[in-house]
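Since the structure comes first, as structure tokens, the remarks are kept for the end.
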Amino acid sequence: MSSGRTVVVGITGGIAAYKAVNIVRAFVLRGDSVHVVATPAALRFVGRPTLEAISRNPVHTDLYEGVAEVRHVAIGQSADLIVVAPATANTIAKLACGLADDLLGNTILASTAPLVIAPAMHTEMWNNAATRANVATLRERGVVVVGPGTGRLTGADSGAGRMEEPDTIVAAALAALAVADRGGAAGDLAGKRIVISAGGTREPLDPVRFLGNRSSGKQGVALAEAAVARGAEVVLVAANLEVPAPTNVDVRLAGSAADLERAMTEAAAEADVIIMAAAVADYRPAEVRADKIKKDDTGDTLVLTLVRNPDILAGLAAARKPGQVVIGFAAETEADPELLLQLGREKAARKGCDYLVLNMVGWTEGFASERNEVRVLNRHGDIVIEASGSKMSVAESILDLLS
Ligand code: CTP
């Protein structure tokens, strides 16, 4: 998926408008050119300076500004993608009727770009027959409706109607953009079942402590998002993710390496492709204490006995069905590129997988970063792909191997 697109973020008057700032920011960080079209009501909830600073562009509100340049048509025509978040019940009703009494309505009518809306309102309004009918009309026309989620609403009440989290909205919008880029055609991974592990395992020591690692899960989540956008059916085995899991994949939670092995083995039975992006603890405490370890009992030093965990990737590769593709990752701290490659080749041979994605990690590289730089080796140790950039663009390159 290429970056550097023109994205219009429509913001309407709901309390969730403050969260739209993070949506604007996510597109800007991707390298997109972002134009905010806010209704006057939206600007009662979030300030114009905030939106202008974050979007790096003027915020448009008024239909009668920039008339000479026919602004409402210009913004709509230039958009590759329009995201309306939050979308109030009122805005949804206006969109369903094709009304154009404000700049946002005009912009949307003047555009052929994919439209993604994230409704936000009280539960009663969401459940109202008028809103349901309006949402159904929009869906029929191909509008992508993200959420709403269920949870705490503005007041003391909770229920359906809460705007989806910004990351989820952005992921859904990018998926809609990918579909539009293909002219609505099925993605190159349509019909493929892909199981992806992401995050890092935690090995319990006692009821309150664990041994863990610094994997955030971003690369695995990016792979899941990219695979769904390309039409795959995705199971994401999520080990302690620091980022939200996409809502359009089947998420199965795994805490420890043992949980991850169980979840992966079960999901692998149905999979065409297995991708082990999770960082798995090689060892776990030999004993998990039923009660909290007390320092009065252990003294000034504490010696832990650890036992080896099974190598999940090697096990999945050894048990793979004919035609199943198995992809592993290798996290290495070796800074010398040649020695790094050597370690990758040895690991590829040891694991027995079809491809091994080799990346350098360290105190500052790899883990929580938005970017990645990888070389992908085949089972003979040949470099088949070199990719660097956002974790999403690296994910796209890895998935290119499958198409
Ligand atoms: N992996 C696994 N099970 C383990 C350890 C690792 O399935 N017990 C998988 C990881 O998900 C990754 C690949 O193996 O896809 C390589 O992980 P990495 O941590 O780089 O290598 P290790 O196997 O742990 O080897 P080493 O500790 O020697 O680097």
> Which residues, taken from the range 255-287, are within 12 Å of the ligand (Cβ to nearest atom) and either without any contact (Cβ under 8 Å) to a residue 12 or more places away in the chain or not in a helix (DSSP H, G or I) (or both)?
Replying inline: Ser256, Ile274, Ile275, Met276, Ala277, Ala278, Ala279, Val280, Ala281, Asp282, Tyr283, Arg284
>> Every residue in the range 168-193 that is in contact with a strand residue (DSSP E or B) (Cβ under 7 Å, 6 or more places away or on another chain), modelled with pLDDT of 90 or more and surrounded by 20 or more Cβ atoms within 10 Å (Cβ to Cβ), please.
In response: Ile169, Ala173, Ala176, Leu177, Lys192
> Looking at Ile92, Ile82, Ile75, which is the one that is touching a strand residue (DSSP E or B) at 6+ places or on another chain (Cβ under 8 Å), crowded, with 22+ Cβ neighbours inside 10 Å and more than 30 Å from Ala129 (Cα to Cα)?
Replying inline: Ile75
> Of all residues in the range 33-66, which are in contact (Cβ under 8 Å) with a residue 12 or more places away in the chain and of a type in the set (Ser, Thr, Tyr)?
Replying inline: Ser33, Thr39, Thr50, Ser55, Thr61
> Which condition does Gly142 not pass, out of (1) surrounded by fewer than 18 Cβ atoms within 10 Å (Cβ to Cβ); (2) in a loop (DSSP other than H, G, I, E, B); (3) touching a Leu at 6+ places or on another chain (Cβ under 7 Å), if it passes all the others?
Replying inline: (3)
>> What are the pairs with Cβ atoms under 6 angstrom where one residue, in the range 120-133, is assigned by TED's automatic domain parsing to the domain that holds Ile169 and the other, located anywhere, is surrounded by fewer than 16 Cβ atoms within 10 Å (Cβ to Cβ)? Sequence gap at least six, or different chains.
In response: Thr123/Gly159
> If you take just the strands (runs of 3 or more DSSP E) that sit entirely in the range 1-95, which of them hold at least 3 residues that are over 14 Å from Ile117 (Cβ atoms)?
Replying inline: 33-38
>> Just checking, does the range 212-227 include any residue being more than 26 Å from Val9 (Cβ to Cβ), part of a loop (DSSP other than H, G, I, E, B), among the basic types (Lys, Arg) and within 15 Å of the ligand (Cβ to nearest atom)?
In response: yes
> Out of the residues in the range 291-305 that are touching an Asp or Glu at 6+ places or on another chain (Cβ under 8 Å) and in contact (Cβ under 8 Å) with a residue 24 or more places away in the chain, which is surrounded by the fewest Cβ atoms within 10 Å (Cβ to Cβ)?
Replying inline: Asp291
> Where in the range 288-400 are there strands (runs of 3 or more DSSP E), lying fully within it, with 3 or more residues that are within 14 Å of the ligand (Cβ to nearest atom)?
Replying inline: 306-308, 325-332, 355-360, 371-378
> How many residues are among the acidic types (Asp, Glu) and over 15 Å from Leu313 (Cα atoms) when one looks only at the range 241-271?
Replying inline: 3
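The values are calculated or read from the model by the stated rules, or taken from the named source; none is laboratory data. Treat the numbers as computed from the prediction; the structure is a model and nothing was measured. So basically every Cβ, Gly included, is an ideal-geometry build from the backbone, and we count neighbours across all protein chains shown.
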